[in-house]
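Have a look at the structure below before the remarks.
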Amino acid sequence: QRYAGVTLKQFLKHLTRKAALERLRAGRAVLDTAMEVGLSGPGRLHDLLVTTEAVTPGDARRRGKGVAMGVGSGETPFGSALLAWTNRGISFLAFTRQRGVATATAELRRQWPDADLRENGAEAARRLDAVFDGTRDTPLPVWLRGSPFQLKVWEALLAIPPGTHWSYGELADMLGQGRAARAVGSAVGRNPVAWIIPCHRVIASSGELGGYRWGCDTKRAMIGVEACALRQESASDRNTGADGAGSRTS
């Protein structure tokens with residue numbers, strides 16, 4: 001870490017991502033690739049292929065002025081969603097079934113008050129399909145505007161495996177901010193790209209859902225979908241073990 005400036009975990013993540021991309025470009029199936037690079041399943045591979053980039057301090061000061069940002073609504077497994085993006089990546093994803101499009105649009109404007117929003121429903125639908133169809137085999141870039149502390153928390157959320165949950169206190173401890181659980185929780189709540197950065201995997205220490213920016217029913221549905229997928233993966237692993245070598249399909 002002293003020599004390279006990165007932790008062992010970051011180094012391993014880089015090597016795993018590189019190995020995964022090499023296999024995918026060679027035509028390997030998503031499930032086979034995930035298993036071959038030591039991941040528990042395709043869900044972990046999709047998380048690994050999320051690449052985060054922060055706006056520069058100059059961009060942040062300009063509040064999006066001069067930034068052309070596509071925006072549009074589309075359907076997802078969790079109801080309708082509002083998506084915004086630039087040529088650098090996705091910058092905003094909000095679910096609107098419970099809170100409404102107007103609320104989501106106001107949040108987008110608060111985050112990027114001076115951006116040039118350009119409506120493009122067809123492109124929004126295409127990008128949402130790429131996020132949710134489960135077959136993505138290329139990195140998904142996100143371009144985020146937030147404080148250094150918020151960006152640190154958002155990146156940490158990507159380390160939580162699908163189907164598992166951390167409390168706000170556990171996340172704070174992992175970040176070395178054990179006394180700042182409230183501030184960590186606030187940063188989790190300001191995550192601008194729902195689902196892609198999995199803030200829904202953080203729950204209250206009591207085991208209750210806790211709050212969710214886009215409605216607790218939406219958060220409950222996300223947790224349920226990931227739990228079902230994890231059970232299916234476990235059942236598949238057991239069946240493969242019972243049958244000997246078994247077979248894998250994507």
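Some observations on this one:
- For the range 107-119, a residue qualifies if it is more than 22 Å from the chain's Cα centre (by Cα) and open to solvent by less than 80 Å² (accessible area, probe 1.4 Å), and the qualifying residues are Pro113, Asp114, Ala115, Asp116, Leu117.
- Selection status of Ala122, without any contact (Cβ under 8 Å) to a residue 60 or more places away in the chain, open to solvent by 50 Å² or more (accessible area, probe 1.4 Å) and either closer than 21 Å to Gly74 by Cβ or not in a helix (DSSP H, G or I) (or both): yes
- Residue that is farthest from the chain's Cα centre (by Cα), among those in the range 165-186 that are open to solvent by 50 Å² or more (accessible area, probe 1.4 Å) and farther than 16 Å from Gly211 by Cα: Arg179
- Figure legend. Inter-residue proximity from the range 183-199: first residues of a type in the set (Phe, Trp, Tyr), second residues surrounded by fewer than 24 Cβ atoms within 10 Å (Cβ to Cβ) and in a loop (DSSP other than H, G, I, E, B), beta-carbon distance below 8 Å, spacing 6+ or different chains. Indicated pairs: Trp195/Phe78.
- Identity of the residue in the range 200-215, in contact (Cβ under 8 Å) with a residue 24 or more places away in the chain and within 14 Å of His165 (Cβ to Cβ), that ends up surrounded by the fewest Cβ atoms within 10 Å (Cβ to Cβ): Ser205
- Checked against (1) free of Cβ contacts under 8 Å to residues at least 24 places away in the same chain; (2) farther than 25 Å from Gly66 by Cα, Arg109 passes all but condition (2).
- Qualifying residue in the range 130-138 (condition: over 16 Å from the mean Cα position of the chain (by Cα) and at positive phi): no
- Where helices (runs of 4 or more DSSP H) fall wholly inside the range 1-106, the ranges with 2 or more residues that are modelled with pLDDT of 70 or more are 8-25, 30-36, 57-62.
The values are calculated or read from the model by the stated rules, or taken from the named source; none is laboratory data. Keep in mind that this is a model prediction, so the values were computed, not measured. Don't worry about glycine lacking a Cβ; one is built from the backbone with ideal geometry, like all the others, and counts go over all protein chains shown. SASA here: full protein model, heavy atoms, side chains in, ligands and nucleic acids out. Shrake-Rupley method; radii C 1.70, N 1.55, O 1.52, S 1.80 Å.
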